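Below you'll find the structure, written out as structure tokens, and then a few comments.
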Amino acid sequence: MTVTPFIRDGGLPFCKGCGHSHVAINTERALAQLGLDPLDVVLVTDIGCHGIVDKSFLTHTVHGLHGRAVALAGGISAGLDDPKKKVVVFIGDGGATIGMQHLMGAAHRGLDITVIVHNNMLYGMTGGQPSDFTPCGFKTPTVPDGKSHPGYDICNQIAAAGASYVQRLLGVGNFSDDIANAIATKGFSLVEVMEICPSHGVKSNPGMKLKKVVEESGLEVKVFRSEPPGALATFSASQPKSLLSESMVTHPIYTHSLRDRISIMVAGSAGGGVQSAADWFARAAILSGLDATLRGAYPVTVGVGFSVAQINLSPEPILYTGSPTPDVLIVTSQDGANYARPFAARMSAGLCLLDADLEELQTGAELVRVPMSSRVGTRDNAVYGLMWYLNKMAPFPIEAMMNVVTQASGSRRVKLEKMMQFEE
Amino acid sequence: MHRHLAVAIQQSQWLQRTVAKNQMPFKVSTVPKALTDGSRLITESCVRAGADVFIGYPITPANLLYLYASKRYPRMLAAPDEITTLQWMAGFSATGHIPVTATSFPGFALMVESINMAFMMELPMVIILAQRLGPATGSATCGSQGDLSVIAGTLSGGFPLPTLCISNFDDCWNISAEAVKLAVRMRSPVVLLTSKEMVMTRSSYDWSGLPEIEPIQRRFYEGAGPYEPYSTGPDLIPEFLPVSQNSYQVRLTASTHDRNGIIQNVLPEAIDNTKRLESKLVKHLPGYTFFDFDEDKGAGTLIVSYGITSLASRDAVQELRKSGKKVSLLVAKTLLPVPGDYLDICDRYERVVVAEENLTGQLRHLLYGTRGRAGLTGINGISKMITPAEIVAEVER
């Protein structure tokens, strides 16, 4: 029988006696057993000695960053979105240490990839430093007295995270069936292959046998999980519509009385309807043939503290959307007053509408106390403040605002009759 | 009487009073407009240009881009962090998709090594960077233009990471599509630079006249083989093949590699390949040099700006010209690699005023280094948008 080659002639690039060669050979056997075409397979390798193997493979090969191979493979698998394709990750115990979150996440999501952890219990390429997989007592060139605490039991962790197939085995002999099982399983599979690095591990721990190290570490050699995947993360395509919907377009039906640009600031509290009131106001301005800009300002915690809207209106297209000093300031709450204080102080003209319940505010603008909260409550005082301003200064018809408020979804609670009482 | 006005008068008691008092309104506009933010236009533009997957990790002020992406991209993935975001994007890109993400500095910082990887692998993708005030977490809800130097220093070795910048809503549409197409054409990650005020502040906008965006047509290698993933012709851009096909083996690697994608340390062929990564971007730069040059003949002063400060700069130029002052304006949209055109234009002016919302003048330094030149000044500041008045004052100084 002719076996499809997955590794090109010329030998493997590893040190004599290195378990990485066994992994490569057994992976080739497993892929052949599964009857795959080499180009149905994407081999994603991490950084470390194992990663130089990709030049030997006849599959597609992708060689990424240290610790990130699992995340990269997850993207490839989701991008392929094809169960006929197989994505296999080679990663070392060092890469699995730095990329632990990617491993947990991929197992949890059930990404359709197979990860082969080459666990030789240390960082081989950089001189034999301990990884988070190095067992307690295992010596390396930089911990000559042995590591002080145990290594990860990746198999238990990954099984708990929701992987479909998890197995630990000793990296000797023929373990191609095990790797084939892992690759054949839909969803996330992981095989941890235990090895001893012939360059650093053997020298630092003379006479120590692989099987004994693993046993003494309390790491079980077995299949931890082999079952059909549960709910897999799906990445199915949706049927998106254009974001530029005609329903967003306002056709002017009113007109306005503005000769120049004006800037209006509404300063209140989160939950006080400031942003929706400003939104309606800006739309009403557009409905009146004006240009408008609308900028919200609030603390990082959007549900408490101040909520401020800055609106610019202009008969000409607005280029600069900032508004350093407002022409009109409407303050509906103490949070808003605290925020607006420096703006009020900068105003040398214009109009400041201050909720009648609030403390004095220093400003050079005409200050009018308006019973906003007492008349309409603290949820509607911002829209009332804007209506009050429209009634007094009439930059555009109050009917435009009423039109927008009436049509806006969720605005049924706004009692327009109450809003139309303007005595000071 | 204008038909529109007649309807308006009929509907408005206010207007009836105004007409009765013989105080006619100053101006009547009938142009339909939407109240929109830049994020909406950017998202729509990227998708129409051919971007087909968005991978996001939430961060202020890029959250609207994430929200719209969830409604608009054919595929949308919520990544668990920004390193995964970039790695997933690289994976999608390797399979022939065009991925986009949006972030701000803290997320971008996590992405840096992976952006280097994608650059080395020559994988197309777009990273939208919505700037906020740093350093570190800084002020998440305060705009800024503080990240140009970060982008300029993203790639080890000083390689240019192609960066386009949005100066207004028209650019949200036009430049975003160019970013997607540039990523594919150059086989490179591309940064689309913007800032908080552009992606969150809403403005009335007439989008009816926006040009149609034709989706980019991907062209994959169709030769007779053997396929060498990093072989190029005179255009210095290797033909792409996704790892989803069964015709030819594809090798992608972040390490220094030869034309077959096999790791080589300092083999001349591999080093030449690394050098090519810069050459290809510089060679094609004229094809993606985007700027607005509003020339006022006879002006001795040039305002140079980009991004959010372009809004104030355009405003200031209008004001200055109204008062009889001659002034020209250069709005830079291609920021990296820096087009030579900018210095050529600057050379024609006695005074060059660079306005940008950061402390140190990052574009100014990209153009002129620390030494500057005669007649060069900057308008800088943080924590608030630079105002037209500040620019007017500097020009009139």
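The values are calculated or read from the model by the stated rules, or taken from the named source; none is laboratory data. Quantities reported herein were computed from a predicted structural model and do not represent experimental measurements. Cβ coordinates were reconstructed from backbone atoms using ideal geometry, including for glycine residues, and neighbour counts include every protein chain displayed.
So for segment B:102-115 (the condition being among the hydrophobic types (A, V, I, L, M, F, W, C) and assigned to a strand (DSSP E or B)), does at least one residue qualify?
Scanning segment B:102-115 turns up at least one residue that is among the hydrophobic types (A, V, I, L, M, F, W, C) and assigned to a strand (DSSP E or B).
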Odd one out for B:TYR227 among (1) in contact (Cβ under 8 Å) with a residue 40 or more places away in the chain; (2) surrounded by 14 or more Cβ atoms within 10 Å (Cβ to Cβ); (3) aromatic (Phe, Trp, Tyr); (4) closer than 28 Å to B:LEU155 by Cα: (1)
Restricting segment B:58-94 to residues that are buried (at least 23 other Cβ atoms within 10 Å of the Cβ) and in a loop (DSSP other than H, G, I, E, B), the residue that is nearest to the other protein chains (Cβ to nearest Cβ): B:TYR73
Subset tally (residues that are within 22 Å of A:GLN129 (Cα to Cα) and of a type in the set (Gly, Ala, Ser)) for segment A:187-226: 6
Residues of segment A:93-122 satisfying the condition of being farther than 25 Å from A:LYS186 by Cβ and surrounded by 24 or more Cβ atoms within 10 Å (Cβ to Cβ): A:ASP93, A:GLY94, A:ASN120, A:MET121, A:LEU122
Test: A:ASN338 is at pLDDT 95 or above and surrounded by fewer than 19 Cβ atoms within 10 Å (Cβ to Cβ): yes
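Regarding segment B:366-377, can at least one residue be identified that is polar (S, T, N, Q), under 29 Å from B:GLY157 (Cα atoms) and outside any strand (DSSP E or B)? Can you show your working first?
Going residue by residue through segment B:366-377, those that are polar (S, T, N, Q) are B:370, B:377.
Going one step further and asking which of them are under 29 Å from B:GLY157 (Cα atoms), we end up with B:370.
Those left that are additionally outside any strand (DSSP E or B): B:370.
Scanning segment B:366-377, I find at least one residue that is polar (S, T, N, Q), under 29 Å from B:GLY157 (Cα atoms) and outside any strand (DSSP E or B), so the answer is yes.
When you go through A:ALA292, A:ALA297 one by one, which is the residue that is surrounded by fewer than 18 Cβ atoms within 10 Å (Cβ to Cβ) and in contact with a strand residue (DSSP E or B) (Cβ under 7 Å, 6 or more places away or on another chain)? Outline the logic, then answer.
Details: A:ALA292 fails: surrounded by fewer than 18 Cβ atoms within 10 Å (Cβ to Cβ).
Checking each option against the conditions leaves just A:ALA297.
Report those strands (runs of 3 or more DSSP E) wholly inside segment B:169-277 carrying at least 2 residues which are within 12 Å of another protein chain (Cβ to nearest Cβ). Show your work before the answer.
On the way: elements: B:189-195, B:202-205, B:251-253.
Result: B:202-205, B:251-253.
Would you pick out the residues in segment A:365-403 that are among the β-branched types (Val, Ile, Thr), surrounded by 20 or more Cβ atoms within 10 Å (Cβ to Cβ) and either in contact (Cβ under 8 Å) with a residue 60 or more places away in the chain or out of contact with any strand residue (DSSP E or B) (no Cβ under 6 Å at 6 or more places or on another chain) (or both)? Please lay out each step first, then the result.
Taking segment A:365-403 as the starting set, the residues that turn out to be among the β-branched types (Val, Ile, Thr) are A:368, A:370, A:376, A:378, A:383, A:398.
Cutting the leftovers down to surrounded by 20 or more Cβ atoms within 10 Å (Cβ to Cβ) gives us A:370, A:376, A:383, A:398.
A:VAL376, A:VAL383, A:ILE398 - these are the residues of segment A:365-403 that are among the β-branched types (Val, Ile, Thr), surrounded by 20 or more Cβ atoms within 10 Å (Cβ to Cβ) and either in contact (Cβ under 8 Å) with a residue 60 or more places away in the chain or out of contact with any strand residue (DSSP E or B) (no Cβ under 6 Å at 6 or more places or on another chain) (or both).
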Residues (under 21 Å from the mean Cα position of the chain (by Cα) and over 24 Å from B:ALA94 (Cβ atoms)) located in segment B:52-81: B:PRO58, B:ILE59, B:THR60, B:PRO61, B:ALA62, B:ASN63, B:LEU64, B:LEU67, B:TYR68
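For segment A:340-424, which helices (runs of 4 or more DSSP H) that fit wholly inside it have 2 or more residues that are under 23 Å from A:HIS251 (Cα atoms) and over 42 Å from the mean Cα position of the chain (by Cα)?
On the way: elements: A:372-376, A:381-393, A:398-407, A:416-419.
Per the criteria, A:381-393, A:398-407.
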Number of positions in segment A:253-289 that are of a type outside the set (Val, Ile, Thr), part of a loop (DSSP other than H, G, I, E, B), crowded, with 24+ Cβ neighbours inside 10 Å and within 7 Å of chain B (Cβ to nearest Cβ): 3
Candidate set: segment A:308-339, residues that are away from chain B (no Cβ under 14 Å) and in a strand (DSSP E or B); chosen: the one farthest from A:ALA282 (Cα to Cα): A:VAL331
Some residue of segment A:17-34 being under 17 Å from B:VAL243 (Cα atoms) and either within 13 Å of another protein chain (Cβ to nearest Cβ) or among the charged types (D, E, K, R) (or both): no
Criterion: surrounded by fewer than 22 Cβ atoms within 10 Å (Cβ to Cβ) and modelled with pLDDT of 95 or more - qualifying residue of B:LEU164, B:LEU155, B:LEU192: B:LEU155
Scope segment A:290-307; condition part of a loop (DSSP other than H, G, I, E, B), within 9 Å of chain B (Cβ to nearest Cβ) and without any contact (Cβ under 8 Å) to a residue 40 or more places away in the chain; matching residues: A:TYR298, A:PRO299, A:VAL300
Flag if B:ASP170 is surrounded by fewer than 19 Cβ atoms within 10 Å (Cβ to Cβ) and either farther than 30 Å from B:THR141 by Cα or modelled with pLDDT of 95 or more (or both): yes
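With the condition kept exactly as written, say whether any residue in segment A:64-81 is surrounded by fewer than 23 Cβ atoms within 10 Å (Cβ to Cβ), within 11 Å of another protein chain (Cβ to nearest Cβ), at pLDDT below 95 and under 20 Å from B:GLY96 (Cα atoms). So that I can check it myself, show each step before the final result.
So in segment A:64-81, the residues surrounded by fewer than 23 Cβ atoms within 10 Å (Cβ to Cβ) come out as A:66, A:81.
Then drop every residue that is not within 11 Å of another protein chain (Cβ to nearest Cβ), which leaves A:66, A:81.
Applying the additional criterion that residues be at pLDDT below 95 yields A:81.
Filter once more, keeping what is under 20 Å from B:GLY96 (Cα atoms): A:81.
The answer is yes, given that some residue of segment A:64-81 is surrounded by fewer than 23 Cβ atoms within 10 Å (Cβ to Cβ), within 11 Å of another protein chain (Cβ to nearest Cβ), at pLDDT below 95 and under 20 Å from B:GLY96 (Cα atoms).
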